[in-house]
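Peer 1: Sharing a structure with you now.
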Amino acid sequence: MSQHLSRRSFAHLLGASVASVPLAGNALAQAPTPHTSGPRSFPAGFLWGSATASYQVEGAATEGGRGPTIWDTFSHTPGKTHNGDTGDVADDFYHRYPEDVKFMRGLGLKTCRFSIAWSRIFPNGTGAPNQAGIDFYRRLTETLLANGIEPYATLFHWDLPQALQDKGGWENRDTAKAFADYAGFIAGRLSGTVRNIMTTNEIRSFTEIGYGSGRHAPGLQVGRKRLAQLTHHAVLAHGLAVRAIRASAPRAKLGLAENSSATVPVIEAPEHIAAARIAMREENAQYLGVILSGKYTDHYLRKLGADAPQFTAEDLAAISSPIDFVGVNVYTPDYVRAADNEIGYVSVPPPASFPHMLSPWLTVGPEALYWAPRLIHENWHPKEQFITENGCSSTDQMAPDGEIYDTDRVMYLRNYIANMHRAVTEGIPIKGYFLWSLLDNYEWADGYDKRFGITYVDFKTQKRTLKLSGHLYKEIIARNSLM
Ligand code: GBH
C-alpha cells in the first residue's frame, strides 16, 4: 500500500460508510457510525470501556501528599526493571486527566476502569486520610461523568503502601484489615460519583509474582508455605473489603478483577471440555474459586499438605461475601487435555513455536476469551461478568506519515472480541469489555519497553496518537458490533 492514509481513509478501511465521514477534521471529530444490528452485534447497552491502573499512568509520585509504595521502592532499586524505568512520570495522567477524558469521549467509550492509589488516600496505608488524594479521585470521577463515561474503580492494583510492606505486606494478616478499612472509607467518600467497584486486581499476579518469582515488587521469593498463607490474606482482604463497602456505600455494585488461568480444551471435544472445566476450578482454587464457592478444594489442600494455609470457617464466610459481578482479565490461553489421572486433566504447555505478541509470555489464543467466561459460568454461576482486561503489546513503530499501523494488535483484538461475541451469543452474562489499555503506559518490570495502548504515547512530549487499533475500537463501539 503506497498511498498515504489519511484518518478518513483509515475509517474507510475499517468499513465505515463513506457518507458518515465528514470531509474535514480528524477521526475524533467524526460523526459516529450508526449502530448496526446484525449477526456480529452486541446486546444493547453493552459497556465498552478501557482500563488503566494508578501506578502505570498517573506519575506525580511525590505530589498531592501521596505516600511511597512498594513499586516506588522496587522500580528505584537498580536492576529490577527494564532500563531502570520507574512510574515517577508515566503518562502524567495525574495532571493530564482532563484532556485524556475528552480523548476517551472522542473514542465513544461508555465506561472507564481506573485504579485508586491506596497511598494517595492513606499515605502510610492506615492512619490519617489525605484530603488532596480524595479530591483528585473526586475530580477525576466527576469529569468522567460529565463526559458521559461511567467510572469503574479498582481499589488495589498492586501499589501497596511501603509502610505496610515494612510490617510484612501481605504476609501480615493485618494488611487485610487495613485494606478493608481503606476500601470502606474511600467507597463511602466517593459514593456520589463511583457506583461500580472492584476490590483488587489480579490477586494471582501480585502474590505469585511479588512473593513467588520475585519479578515484581516487593521482589521476594518466600517459598510455597508462606505464599499460600499470604494468598489467603489477600482473598480475605477482598472479602473484608466487600463487607466494609456494603456498609459505607450500600448502593455500589461490587466485584473484583482476576486473571484466572484461562483453561481452554486442546480440542473442542466433550472429554477435553470436561477436563478444562475441572482445570478452571482447580487452577484457580485459591483465588476466584474460594471467593465464589467459600471453600478451598480438597485437591488444593491435599496438594499443599503441610504447606496449606491456616484459616477459619469465619475467614471463608468473609472471603465468599456475595458480590455483584466477576471481572475477568484475559490475555493468554492455558491449554488442557483430558487425562486418566486422579484429577482428570493435565496442562499442555505451549510449544516453543507458539505465536506470541511482543511480550514473550503473551501467547495468542483468541478462544481464551470464549472459554474463560464460559467455564467460570459453568463452575460458579456469577450473576454478571465483565472482561476487565484484554489487550496486547506490539512493536508500534510510528510510520513516516505519523500513523501507527499496529495491524498485529488489530488482528489480536478482532479475534479475541469475536470469541467474546460467541460467549455472549450463547448466553454467558458478559455485560462489558475493558480494553487494556487506553494509553501506552508503565508496564511494570518491563518499564516503557512494552506498549499495550490503543493510543501511542511519546514519553518525551506526552503527545497521544490514536493507533490503527484505536480506530478499530472506535468503530466497534459506534456500531456496537464487530465487523
Ligand atoms: C495485567 O496482568 C495487569 O493487570 C496489568 O497491570 C498489565 O499491564 C497487563 O496485564 C499487561 O501485562 O514477565 O514472565 O514474569 C496480566 C497478567 C501477569 C502477565 C504477570 C505477565 C509476567 C510474566 N500478567 N506476567 S513474566
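Each reported figure results from applying straightforward, stated rules to the coordinates on display, with no laboratory input. None of these values were measured; they are calculated from a predicted model. So basically every Cβ, Gly included, is an ideal-geometry build from the backbone, and we count neighbours across all protein chains shown.
Peer 1: Normalised by the residues of region 55-165, what does the relative contact order come to in percent, with Cα pairs under 8 Å and at least six apart? Mind dumping the intermediate values first?
Peer 2: Values: 180 pairs, mean separation 39.9, N = 111.
Across region 55-165, relative contact order equals 36 percent.
Peer 1: A follow-up question, please. When only alpha-carbon atoms count, how far does region 7-479 stretch along each of its three principal axes, as whole angstroms with the largest first?
Peer 2: Result for region 7-479: principal-axis Cα extents of 69, 56, 45 Å.
Peer 1: Evaluate the charge dipole of the chain about its Cα centre and quote only its size in Debye, nearest 20, assuming +1 on the Cβ of each Lys and Arg and -1 on the Cβ of each Asp and Glu. Mind showing how you got there, number by number?
Peer 2: Details: 47 positive and 48 negative charges, 210 e Å.
Here the chain has a charge dipole of around 1000 debye.
Peer 1: Give, as a single signed number, the net charge of other residues whose beta carbon lies under 11 Å from the beta carbon of Val235, with Lys and Arg counted +1 and Asp and Glu -1. Before the final figure, lay out the partial values.
Peer 2: Details: positive: Arg204; negative: Glu258, Asp315.
Computed value for this residue: -1.
Peer 1: I've got another one for you. By counting other Cβ atoms within 10 Å of each Cβ, how are Arg189, Arg113, Arg479 ranked from fewest to most? Don't jump to the answer; show the numbers that get you there.
Peer 2: Values: Arg189 19, Arg113 29, Arg479 22.
Placing the least packed residue first, the sequence is Arg189, Arg479, Arg113.
Peer 1: Name the lysines eligible as straight-distance cross-link partners of Lys431: C-alpha to C-alpha under 23 Å, and not fewer than 8 places from it in the same chain.
Peer 2: By straight Cα distance, Lys431 reaches Lys110, Lys253, Lys383, Lys474.
Peer 1: Hey, if you put +1 on the Cβ of every Lys and Arg and -1 on every Asp and Glu Cβ in region 251-339, which of Leu304, Pro265, Gly255 ends up farthest toward the positive end of that dipole?
Peer 2: The Cα lying farthest towards the positive end belongs to Gly255.
Peer 1: By average Cβ neighbour count within 10 Å, what is the ranking of 416-425, 393-402 from highest down? Can you show the working numbers first?
Peer 2: Values: 416-425: 19.7, 393-402: 14.4.
Put in order of decreasing packing, that is 416-425, 393-402.
Peer 1: If you don't mind, there's one more thing I want to ask. Here are some pairs, Lys167/Lys463; Lys80/Lys460; Lys225/Lys295; which of them have Cα atoms lying more than 29 Å apart in this structure?
Peer 2: On the way: Lys167/Lys463 40 Å; Lys80/Lys460 22 Å; Lys225/Lys295 18 Å.
Flagged as over cut-off: Lys167/Lys463.
Peer 1: Around Ser75, under 10 Å between beta carbons, what's the net of Lys plus Arg minus Asp minus Glu among the other residues?
Peer 2: Details: positive: Lys80; negative: Asp72, Asp85, Asp88.
Around Ser75, the charge tally is -2.
Peer 1: Sort out for me the Cα centre separation of region 38-104 from region 416-446, rounded to whole Å.
Peer 2: What the calculation gives is 17 Å, centre to centre.
Peer 1: Classify region 422-483 from the C-alpha gyration tensor, please: rounded if a/c falls under 1.5, else prolate or oblate depending on whether a/b exceeds b/c. Show your work: numbers first, answer last.
Peer 2: Values: a/c = 3.82, a/b = 1.84, b/c = 2.08.
It comes out oblate by the Cα gyration axes.
Peer 1: Explain nothing, just compute: Karplus ³J(HN,Hα) = 6.51 cos²θ - 1.76 cosθ + 1.60, θ = phi - 60°, for every residue of region 198-209 in order, whole Hz, x for Gly and Pro.
Peer 2: Rounded to whole hertz, the list is 10, 5, 10, 10, 6, 3, 3, 6, 6, 7, 4, 8.
Peer 1: Explain nothing, just the number: relative contact order of region 7-479, from Cα pairs under 8 Å at least 6 residues apart, as a whole percent.
Peer 2: Working: 990 pairs, mean separation 80.0, N = 473.
Across region 7-479, relative contact order equals 17 percent.
Peer 1: Rounded if a/c is under 1.5, else prolate if a/b is larger than b/c, else oblate: which is region 69-196, with a ≥ b ≥ c the root eigenvalues of its Cα gyration tensor? List each step's numbers first, then the result.
Peer 2: On the way: a/c = 2.36, a/b = 1.32, b/c = 1.78.
It comes out oblate by the Cα gyration axes.
Peer 1: Rounded, prolate or oblate: which fits region 187-246 when a ≥ b ≥ c are the square roots of the eigenvalues of the alpha-carbon gyration tensor, with rounded for a/c under 1.5 and prolate only if a/b beats b/c? Don't skip to the end; give the middle numbers.
Peer 2: Working: a/c = 4.02, a/b = 2.24, b/c = 1.79.
The shape class here is prolate.
Peer 1: Same structure again: Using the number of other C-beta atoms within 10 angstrom as an exposure proxy, rank Thr69, Thr297 with the fewest first. Please report the intermediate quantities before stating the final value.
Peer 2: Values: Thr69 29, Thr297 18.
Fewest-to-most ranking of Thr69, Thr297: Thr297, Thr69.
Peer 1: Mind checking which lysines have their Cα closer than 16 Å to the Cα of Lys467? Skip sequence neighbours fewer than 8 apart in that chain.
Peer 2: Of all the lysines, those that pass the test against Lys467 - Cα under 16 Å, at least 8 places apart if same chain - are Lys450.
Peer 1: Amide H neighbours of Thr81 under 5 Å, counting only residues 5+ apart in sequence or on other chains, H built in-plane at 1.01 Å?
Peer 2: It is none; the list stays empty.
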